[in-house]
1. Mean-square fluctuation check for the chain, GNM, Cα pairs under 10 Å: which of Gly13, Gly163, Gly120 is largest?
2. Angle between the Cα long axis of helix 223-248 and the longest principal axis of the chain, 0 to 90 degrees, nearest 10?
3. Counting only DSSP beta bridges with both residues in the chain, what percent are antiparallel, rounded to the nearest 5?
4. GluC sites (Glu not before Pro), restricted to region 181-272: which are DSSP loop and have at most 16 other Cβ atoms within 10 Å?
5. I want to check a number: in the chain, how many lysine pairs have alpha carbons closer than 26 Å, given a sequence separation of 8 or more or different chains?
6. Within region 64-206, what percent of beta bridges assigned by DSSP are antiparallel, to the nearest 5?
7. Using a simple spin-label model with points 7 Å from Cα along the Cα→Cβ vector, what separation in nm is obtained for Ala280 and Ser62?
8. I want the antiparallel fraction of DSSP beta bridges within region 1-96, as a percent rounded to 5.
Amino acid sequence: MTQTKIAVIGGSGIYDIDGLENAEWVTVETPWGDPSDQILTGSLNGVGMAFLPRHGRGHVHSPTEVPYRANIDALKRLGVTDVISVSACGSFREHMAPGDFVIVDQFIDRTFAREKSFFGTGCVAHVSVAHPTCPRLSDACETAGEAAGITVHRGGTYLAMEGPQFSSLAESKMYREQWGCDVIGMTNMPEAKLAREAELCYASVAMVTDYDSWHPEHGEVDVTAIVATLTGNAEKGRALVKGLPGLLGIDRTACPHGCDRALEYAILTSPEKRDPALLAKLDAVAGRVL
């Protein structure tokens, strides 16, 4: 039986958690380049933790330029079993108000300038992302959020846009009215797809900061207002994260939804046709099946 190790990918305000023991910033090298930053490791209530600033400390990486493959690979190398994405989002729903949290369960990927897979020529693989988040991990996030007094909405479709600009009014209305999306952000794709390829359970906690541009009384997105809401959300985010170790426990059993076995039948390239150089890069992500 393996031990649980929880990774949190998000803003730096999430990481200042009382009780984090043996805290240490570590450098992890990956064949996909450098991660966004060093990774803060430690333990909380006996459970291993890893905190990765998605945009780097000081917010140096734009959404397009976040090294998503290196980030997921680095977490896998550290022995992470469960990944919690904590990110800001805009809301397309009146009842999902600024300050609320949404436990996302679906995505529409509108990004176009990012590397979206660890696999390719020399080793082709196809994983299912029909259900891109882990229900077990999402359950824990929902329970921890509610216990912390946060207004949590379970389930929602996240529109992943390329950015860095915010939506036009026409786009905002289309995503809301024609496409049925609930929230919008710039960072959960390809992060969720890569986590699935790396056989990591993944849950998305989207923290609402604004109503995007569709809302008749809200107007265009204002960065100053977003930052103000983010400050309050960070405290809530820390409270949610602090409750996760007790819910997930130290001992890690197999994921009942198969997230940790996503590559079981995914690799199609014949063994004799596989590129040794690519296989070497896949040692952490796909070593279990290669």
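1. Comparing Gly13, Gly163, Gly120 in the GNM, the peak value goes to Gly120.
2. Relative to the chain, helix 223-248 is tipped by roughly 50 degrees.
3. Here the antiparallel bridges make up roughly 40 percent for the chain.
4. When the GluC sites (Glu not before Pro) of region 181-272 are filtered for loop state and at most 16 Cβ neighbours within 10 Å, Glu217, Glu220, Glu264 remain.
5. 18
6. That works out to approximately 25 percent antiparallel.
7. 3.3 nm
8. Antiparallel bridges make up about 45 percent of those DSSP assigns within region 1-96.
Read-outs throughout are calculated quantities, based only on the coordinates presented, and are distinct from any laboratory measurement. Everything numeric here is computed off the predicted structure, so don't read it as measured data. FYI the Cβ positions are ideal-geometry reconstructions off the backbone, even for glycines, and counts take in every protein chain you see.
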